[in-house]
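The values are calculated or read from the model by the stated rules, or taken from the named source; none is laboratory data. Owing to the predicted nature of the structure, the values given are computational and were not obtained by experimental measurement. FYI the Cβ positions are ideal-geometry reconstructions off the backbone, even for glycines, and counts take in every protein chain you see.
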Amino acid sequence: MTHIRPYRESDRAAIYRICVVTGADGGDATGHYLDDTVIPDVFAGPYLEFEPDLAFVVDTGGDTAGHVAGYVIATADTRAFVARYREEWLPQFAAKYPRETPGSAVAHGYEPERMLIPEVDDYPAHLHIDLLPEIQAQGWGRALIRTLLAELAGRGIPKLHLSMSPANFAAAAFYERLGFHRLRPNTPELLGIETDAAI
Ligand SMILES: CC(C)(COP(=O)(O)OP(=O)(O)OC[C@H]1O[C@@H](n2cnc3c(N)ncnc32)[C@H](O)[C@@H]1OP(=O)(O)O)[C@@H](O)C(=O)NCCC(=O)NCCS
């Protein structure tokens, strides 16, 4: 039966795949880069490595190993995450993808400090969420975020933010429906929420 459960290391490949097939404003980004691991190496790998306890998956239970069809991943402390990314993740990232590799994901990968927005002290946590099309629009996105918020609230983290592509209109509608608010009046791609919000 489909359910949400904590991440385990054997889910990593499935999460990498989901990250790619939802990586183009919610659509499939397969083949957009020379190497399909670029996007997950920026937007998934470091979260799984540094904060596996804040990762949750939707498991559709297709076989004994389970079948992961969606995930939410996060950091509780964006400042600490950026520092670890620079020290521990960037050296292996740079060894894998030369700086001149074309594509915005590679550029993002080299610039973790882009995450240090002024609002980060008020909204220290941030997240990424992606579901395969087969389980979208059935309440799993809401349930994943609810699970993550409860975990963060339990740790005393008061607020969470996220940064999204302004072209991902479906995701924007989803976040608005859940009660996320804009952190700045004219910046629709930067949203926040209290971790004790009833969503
Ligand atoms: C965006 C995403 C995480 C939403 O998760 P989901 O499981 O599809 O959404 P849910 O079924 O939990 O929807 C929760 C609420 O948001 C609303 N909602 C979701 N998508 C919506 C849309 N495109 N338009 C309007 N409302 C939407 C639902 O109607 C629901 O409201 P209700 O409970 O009052 O009926 C998921 O669709 C997804 O992973 N998409 C592809 C990857 C992506 O875009 N990730 C986000 C990157 S920033």
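Listed here are the residues, each with its yes/no results for (1) touching a helix residue (DSSP H, G or I) at 6+ places or on another chain (Cβ under 7 Å); (2) under 18 Å from Val72 (Cβ atoms); (3) assigned to a strand (DSSP E or B).
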position	(1), (2), (3)
Tyr85	yes, no, no
Pro91	no, no, no
Glu100	no, no, no
His128	yes, yes, yes
Ala137	no, yes, no
Glu151	yes, yes, no
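Hey, among the residues in segment 154-199 that are loosely packed, with under 15 Cβ neighbours inside 10 Å and of a type in the set (Gly, Ala, Ser), which one's nearest to Gln136 (Cα to Cα)?
Ala170
Which condition does Asn168 not pass, out of (1) in contact with a strand residue (DSSP E or B) (Cβ under 7 Å, 6 or more places away or on another chain); (2) on the phi < 0 side of the Ramachandran plot, if it passes all the others?
Of everything listed in (1) in contact with a strand residue (DSSP E or B) (Cβ under 7 Å, 6 or more places away or on another chain); (2) on the phi < 0 side of the Ramachandran plot, Asn168 misses just condition (1).
With the condition kept exactly as written, say whether any residue in segment 75-84 is over 16 Å from the mean Cα position of the chain (by Cα) and more than 28 Å from Glu194 (Cα to Cα).
For segment 75-84, residues over 16 Å from the mean Cα position of the chain (by Cα) and more than 28 Å from Glu194 (Cα to Cα): absent.
Of everything in segment 109-120, what is in a helix (DSSP H, G or I) and either touching a helix residue (DSSP H, G or I) at 6+ places or on another chain (Cβ under 8 Å) or within 16 Å of the ligand (Cβ to nearest atom) (or both)? Give them in sequence order.
Across segment 109-120, the qualifying residues are Gly109, Tyr110, Pro112, Glu113, Arg114, Met115, Val120.
Could you list all residues from segment 164-179 that are within 15 Å of Val72 (Cβ to Cβ) and free of Cβ contacts under 8 Å to residues at least 60 places away in the same chain?
Residues satisfying the conditions are Met164, Phe174, Tyr175, Leu178.
Out of all the residues in segment 63-71, is one or more out of contact with any strand residue (DSSP E or B) (no Cβ under 7 Å at 6 or more places or on another chain), within 30 Å of Thr2 (Cβ to Cβ) and touching a residue at least 40 places away in the same chain (Cβ under 8 Å)?
Among the residues of segment 63-71, at least one is out of contact with any strand residue (DSSP E or B) (no Cβ under 7 Å at 6 or more places or on another chain), within 30 Å of Thr2 (Cβ to Cβ) and touching a residue at least 40 places away in the same chain (Cβ under 8 Å), which makes the answer yes.
Evaluate segment 83-91: report whether one residue or more is in contact (Cβ under 8 Å) with a residue 60 or more places away in the chain and not hydroxyl-bearing (Ser, Thr, Tyr).
Taking every residue of segment 83-91 in turn, none turns out to be in contact (Cβ under 8 Å) with a residue 60 or more places away in the chain and not hydroxyl-bearing (Ser, Thr, Tyr).
Among the residues of segment 15-24, write down those that are of a type in the set (Val, Ile, Thr), buried (at least 19 other Cβ atoms within 10 Å of the Cβ) and in contact (Cβ under 8 Å) with a residue 40 or more places away in the chain.
Matches in segment 15-24: Ile15, Ile18, Thr22.
What pairs can you find where one residue is in segment 141-157 and farther than 13 Å from Leu127 by Cβ, the other is at pLDDT 95 or above and not aliphatic (A, V, I, L, M), and their Cβ atoms are less than 7 Å apart, with a gap of 6+ or different chains?
Hits for this filter: Ala153/Thr195; Ala153/Asp196.
Would you check if Ala171 is assigned to a helix (DSSP H, G or I) and within 8 Å of the ligand (Cβ to nearest atom)?
yes
Out of the residues in segment 25-46 meeting the condition of being touching a residue at least 60 places away in the same chain (Cβ under 8 Å) and within 14 Å of the ligand (Cβ to nearest atom), tell me which one is farthest from Met115 (Cα to Cα).
Gly26
Output the number of the condition that Glu151 fails; it satisfies all remaining conditions of (1) under 24 Å from Phe56 (Cα atoms); (2) surrounded by 13 or more Cβ atoms within 10 Å (Cβ to Cβ); (3) within 14 Å of the ligand (Cβ to nearest atom).
With respect to (1) under 24 Å from Phe56 (Cα atoms); (2) surrounded by 13 or more Cβ atoms within 10 Å (Cβ to Cβ); (3) within 14 Å of the ligand (Cβ to nearest atom), Glu151 is out only on (3).
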